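Worksheet: the structure to be examined is printed underneath.
The values are calculated or read from the model by the stated rules, or taken from the named source; none is laboratory data. Please read all numbers here as calculations on a predicted model, not as lab measurements. All Cβ positions, glycine included, derive from the backbone under ideal geometry; neighbour counts span all protein chains shown. These accessible areas exclude ligands, DNA and RNA; they are computed on the full protein's heavy atoms, side chains included. Shrake-Rupley method; radii C 1.70, N 1.55, O 1.52, S 1.80 Å.
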Amino acid sequence: MYYSQIRKYDTSNGVGIRTTLFVSGCTRSCDGCFNEEYKNFKNGLLWDENTENNFLEIIASNIIHGVSILGGEPFDQIQDDTLLKFIKRIKSEVNKNIWIYSGYTFEEIISHPKRRSILENCDVLVDGPFDKRLKDIRLYFRGSSNQRIIDIQNSLKHSHIALFDI
């Protein structure tokens with residue numbers, strides 16, 4: 001897996017101060033994508049053990065409320081288990097909440113076993129393709145009004161979409 005960017009202190013991609021990982025690679029074609037250069041699966045740097053350990057060290061800080069994972073497209077990181085294993089490490093070693101962003105909808109993600117495995121280990125999903133016709137800069141943590149902020153665990157438990165209450 002390659003990554004395009006890490007933001008140590010981010011307040012625009014989830015509640016609180018977060019550390020954000022932008023993975024490289026996306027097969028979606030959202031019109032008006034704001035990370036067009038991140039669509040290339042080889043953009044940026046190769047994710048390695050050292051990078052992963054450094055990321056975990058950063059998020060262990062008490063000032064970090066959680067992790068956000070964007071892209072590219074996190075749910076296109078299924079050619080191997082690098083992202084899934086990393087998310088599991090976050091949960092087991094530092095137990096921070098994880099927000100994950102996707103151009104796929106919740107329904108599309110849960111119908112694909114590898115994508116569902118990633119989803120099941122996260123807390124909040126911002127789902128759906130960016131739609132520039134529905135762009136609204138007043139929205140919290142999303143770019144267009146068709147996108148939802150979903151409480152993943154509650155949604156899985158009750159078998160219906162439960163929106164996250166900001």
Selection from the range 52-74 of residues farther than 16 Å from Arg7 by Cβ and open to solvent by 30 Å² or more (accessible area, probe 1.4 Å) yields Asn53, Ala60, Asn62
Collect the residues in the range 142-153 that are under 20 Å from Cys30 (Cα atoms), open to solvent by 40 Å² or more (accessible area, probe 1.4 Å) and not basic (Lys, Arg), keeping them in residue-number order.
Ser145, Asn146
Looking at the range 1-48, which of its residues are β-branched (Val, Ile, Thr), in contact (Cβ under 8 Å) with a residue 40 or more places away in the chain, within 17 Å of Arg142 (Cα to Cα) and part of a loop (DSSP other than H, G, I, E, B)?
Val15, Ile17
Inside the range 134-144, the number of residues satisfying the requirement of being in contact with a strand residue (DSSP E or B) (Cβ under 8 Å, 6 or more places away or on another chain) and closer than 23 Å to Glu36 by Cβ is 7
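Within the range 86-105, is even one residue among the aliphatic types (A, V, I, L, M) and over 15 Å from the mean Cα position of the chain (by Cα)?
Taking the range 86-105 first, the residues among the aliphatic types (A, V, I, L, M) are 87, 90, 94, 98, 100.
Next, from what is left, pick out any that are over 15 Å from the mean Cα position of the chain (by Cα): 94.
Within the range 86-105 (the criterion being among the aliphatic types (A, V, I, L, M) and over 15 Å from the mean Cα position of the chain (by Cα)), the answer is yes, since at least one residue qualifies.
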Tally, over the range 18-50, of residues that are open to solvent by 60 Å² or more (accessible area, probe 1.4 Å) and either among the hydrophobic types (A, V, I, L, M, F, W, C) or modelled with pLDDT of 95 or more (or both)
8
Scan the range 121-141 and give yes if some residue there is touching an Asp or Glu at 6+ places or on another chain (Cβ under 6 Å), touching a residue at least 24 places away in the same chain (Cβ under 8 Å) and open to solvent by less than 60 Å² (accessible area, probe 1.4 Å), otherwise no.
no
I need the full set of residues from the range 75-110 which are in contact with a Cys (Cβ under 9 Å, 6 or more places away or on another chain) and crowded, with 18+ Cβ neighbours inside 10 Å, in order please.
Asp76, Ile87, Ile98, Trp99, Ile100, Gly103
Out of curiosity, is Lys157 open to solvent by 50 Å² or more (accessible area, probe 1.4 Å), more than 28 Å from Ser61 (Cα to Cα) and either touching a His at 6+ places or on another chain (Cβ under 6 Å) or touching a residue at least 12 places away in the same chain (Cβ under 8 Å) (or both)?
no
